[in-house]
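Chemist: Sharing a structure here in structure tokens format.
The values are calculated or read from the model by the stated rules, or taken from the named source; none is laboratory data. It should be emphasised that the depicted structure is a prediction, and the values quoted were computed from it without experimental measurement. Cβ: placed from backbone, ideal geometry, glycine included. Neighbour counts: every protein chain shown. In case anyone asks, the SASA skips ligands and DNA or RNA and just uses the protein heavy atoms, side chains included. Shrake-Rupley method; radii C 1.70, N 1.55, O 1.52, S 1.80 Å.
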Amino acid sequence: MLSKAFIVLAFAAFAFAAEADVKELGDDTFDAGVNEVETTLVMFYAPWCGHCKRLKPEYAKAAELLKDDDPPIALAKVDCTEAGKKTCERHSVSGYPTLKIFKNGEVSQEYNGPREAAGIVKYMRAQVGPASKELTSVQALETFLKVNEAAVVGFFEKDGAMKTLFNKYADKFREKLRFAHSSAAAVLEKQGEKDAIVLFRAPHLANKFEEDFVKFTGKDMDALTQFVKDNLHGLVGHRTRESTSEFKNPLVVAYYSVDYTKNPKGTNYWRNRVLKVAKDWAGKVNFAVSSKDDFQHELNEYGYDYTGDKPVILARDAQGQKFIMKDEFNVDNLQAFVNDLYEGALEPYVKSEPVPTSNDGPVKVGVAKNFDELVMQSDKDVLVEFYAPWCGHCKKLAPVFDEVGEKLKNENVMLVKVDATANDVPPLFEVRGFPTLFWLPKGSKASPVKYEGGREADDFIKYIAKHATNELKGYDRSGKAKENKDEL
């Protein structure tokens with residue numbers, strides 16, 4: 001049996017080997033370093049930065065995967081606190097990590113791609129060479145389509161509008177999709193097309209309920225973009241962390257041990273059962289399978305800390321409300337669940353803390369179960385804060401918020417705080433960080449306004465005084481305290 005120390009050393013050796021594939025550049029070596037190959041991705045970082053620390057192992061792994069590519073792609077890094085200070089200033093680096101793509105030594109574009117190894121590799125490979133790969137033989141087509149990713153392929157006997165459209169689309173979406181084209185007679189004959197754009201779904205998702213490929217029948221960029229969106233994942237797509245935004249509500253997701261690398265047969269065993277239901281709901285309800293390990297955070301949002309061997313079925317309707325299939329997974333139960341979801345016959349699941357028994361403080365406590373009554377139905381203007389208990393900025397804001405609430409306790413204005421980690425945030429509010437605040441005038445609660453002002457008590461007072469539906473009793477519209485005539 002291998003000793004624990006040996007395993008640790010082996011892992012460390014692997015990590016250092018991967019790190020060695022990332023160029024370390026500084027002020028003296030930067031210009032020469034980004035000129036060594038045509039395309040270089042550079043990470044500008046600070047050693048103390050938490051986001052940088054999380055990115056580094058993925059970045060190193062991506063460098064290792066790319067080191068033998070042809071055309072070559074290099075990954076480099078610059079420490080902005082030490083040897084690369086001047087370089088970071090020269091390239092206007094103000095936050096960490098900042099990633100930029102260099103072509104022939106000059107900045108080509110900001111890197112806005114994925115932050116995990118496979119995504120970095122895919123994104124960067126799309127930056128070199130032509131957007132679409134030319135296929136000169138049937139064998140080349142077959143080899144291209146064996147990769148477990150969707151692909152868009154153009155078949156063109158001669159130049160024309162369809163080929164021009166394909167080239168424009170491929171250039172625009174080269175970082176997101178794989179593209180290929182062919183004018184070879186044998187390839188055109190095999191596909192049975194002479195002027196067409198065809199979307200091929202990932203081969204590991206092939207099934208008997210739908211075709212492996214779909215032909216585009218539109219004529220312009222908007223139509224082609226929508227066509228790919230509608231057909232990319234098929235009846236039941238493999239939803240990953242990187243592709244979540246591509247799956248729209250209403251959406252039914254089966255969470256289980258999805259693993260197309262180690263256990264494709266077992267993965268498709270359950271997916272095929274979801275497909276039996278999904279085929280009847282095409283165009284009405286979307287379906288997907290997701291790894292329960294990769295999406296434990298979503299399972300937690302529905303109250304699941306642990307799942308068994310069978311899939312757990314969770315869903316959202318068109319309005320973003322959450323639903324749980326409580327019956328054991330089988331085809332009949334799933335069919336009944338989807339039918340009730342579509343008909344609006346299900347009770348939504350709401351994650352909520354208990355409604356406070358007493359809520360008399362200067363800042364009211366909102367929870368999911370009382371949010372509609374407390375906030376949305378209130379006849380007062382409301383400033384609501386969505387916070388997280390562990391958030392340092394939220395802790396700093398708490399006494400300030402209490403102070404403002406105390407000063408406005410006799411006004412027709414209410415301050416509310418909601419723990420967004422313990423309560424569902426209504427779909428109307430987009431909360432991506434903490435704290436996030438919204439202003440809701442009493443006459444238009446359906447159109448909350450994100451508060452972007454200062455975080456001191458006077459900042460809140462001035463904002464509320466200016467935007468209050470009715471002028472405050474204690475402050476004028478500029479936020480200046482009115483004189484108390486009783487004291488004169």
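Chemist: In the stretch 177-184, is there at least one residue being in a loop (DSSP other than H, G, I, E, B), of a type outside the set (Phe, Trp, Tyr), under 29 Å from residue 282 (Cβ atoms) and open to solvent by 40 Å² or more (accessible area, probe 1.4 Å)?
Modeler: Within the stretch 177-184 (the criterion being in a loop (DSSP other than H, G, I, E, B), of a type outside the set (Phe, Trp, Tyr), under 29 Å from residue 282 (Cβ atoms) and open to solvent by 40 Å² or more (accessible area, probe 1.4 Å)), the answer is no, since none of the residues qualifies.
Every residue, every condition in (1) open to solvent by 50 Å² or more (accessible area, probe 1.4 Å); (2) in contact (Cβ under 8 Å) with a residue 12 or more places away in the chain; (3) in contact with a strand residue (DSSP E or B) (Cβ under 8 Å, 6 or more places away or on another chain), yes or no:
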residue	(1), (2), (3)
324	no, yes, yes
333	no, no, no
338	no, yes, yes
341	no, yes, yes
353	yes, yes, yes
358	yes, no, no
366	no, yes, yes
369	yes, yes, no
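Chemist: What's the number of the only condition in (1) in a helix (DSSP H, G or I); (2) open to solvent by 40 Å² or more (accessible area, probe 1.4 Å) that residue 294 fails to meet?
Modeler: Tallying (1) in a helix (DSSP H, G or I); (2) open to solvent by 40 Å² or more (accessible area, probe 1.4 Å), residue 294 fails exactly one: (1).
Chemist: Within the stretch 260-291, take every residue that is more than 16 Å from residue 148 (Cα to Cα) and among the charged types (D, E, K, R) and give me the one that is least open to solvent (accessible area, probe 1.4 Å).
Modeler: 271
Chemist: Only one of 273, 316 is over 23 Å from the mean Cα position of the chain (by Cα) and under 21 Å from residue 237 (Cα atoms). Can you tell me which?
Modeler: Within the list 273, 316, the selection yields 273.
Chemist: Cβ-Cβ under 6 Å, sequence separation 6+ or interchain: first residue in the stretch 297-320 and of a type in the set (Lys, Arg), partner part of a loop (DSSP other than H, G, I, E, B) and surrounded by 12 or more Cβ atoms within 10 Å (Cβ to Cβ). Which pairs?
Modeler: 310/329; 316/249
Chemist: Further question on the same structure: Taking into account only those residues within the stretch 215-232 that are touching a residue at least 40 places away in the same chain (Cβ under 8 Å) and loosely packed, with under 15 Cβ neighbours inside 10 Å, which is farthest from residue 298 (Cα to Cα)?
Modeler: Step by step, filter the stretch 215-232, then rank; the result is 219.
Chemist: Would you please list the contacts, defined by Cβ atoms under 7 Å and residues six or more apart or on different chains, that run from a residue in the stretch 77-97 that is at pLDDT 95 or above to a residue that is open to solvent by less than 40 Å² (accessible area, probe 1.4 Å) and among the basic types (Lys, Arg)?
Modeler: 91/100
Chemist: What helices (runs of 4 or more DSSP H) lie completely within the stretch 63-176 and have 1 or more residues being open to solvent by less than 20 Å² (accessible area, probe 1.4 Å) and touching a Leu at 6+ places or on another chain (Cβ under 7 Å)?
Modeler: 117-125, 138-145, 161-172
Chemist: Another question, then. Scanning the stretch 425-451 for residues that are surrounded by 19 or more Cβ atoms within 10 Å (Cβ to Cβ) and over 18 Å from residue 365 (Cα atoms), which turns out modelled with the lowest pLDDT?
Modeler: Taking the candidates together, the pick is 448.
Chemist: Another one. Name every residue in the stretch 22-51 that is within 22 Å of residue 108 (Cα to Cα) and either part of a helix (DSSP H, G or I) or among the charged types (D, E, K, R) (or both), in order of residue number. Lay out the reasoning, then the answer.
Modeler: Applying the first criterion (within 22 Å of residue 108 (Cα to Cα)) to the stretch 22-51 yields 22-45.
Matches in the stretch 22-51: 23, 24, 27, 28, 30, 31, 32, 33, 36, 38.
Chemist: Moving on. Which of the numbered conditions does residue 57 fail, given that it passes all the others? Conditions: (1) closer than 25 Å to residue 106 by Cβ; (2) in contact (Cβ under 8 Å) with a residue 24 or more places away in the chain; (3) part of a helix (DSSP H, G or I).
Modeler: Here residue 57 meets the rest and fails (1).
Chemist: Name every residue in the stretch 233-259 that is under 26 Å from residue 179 (Cα atoms) and open to solvent by less than 30 Å² (accessible area, probe 1.4 Å), in order of residue number.
Modeler: 234, 236, 237, 239, 243, 247
Chemist: Kindly indicate whether any position in the stretch 187-199 is assigned to a helix (DSSP H, G or I), within 21 Å of residue 268 (Cα to Cα) and either of a type outside the set (Lys, Arg) or open to solvent by 60 Å² or more (accessible area, probe 1.4 Å) (or both).
Modeler: no
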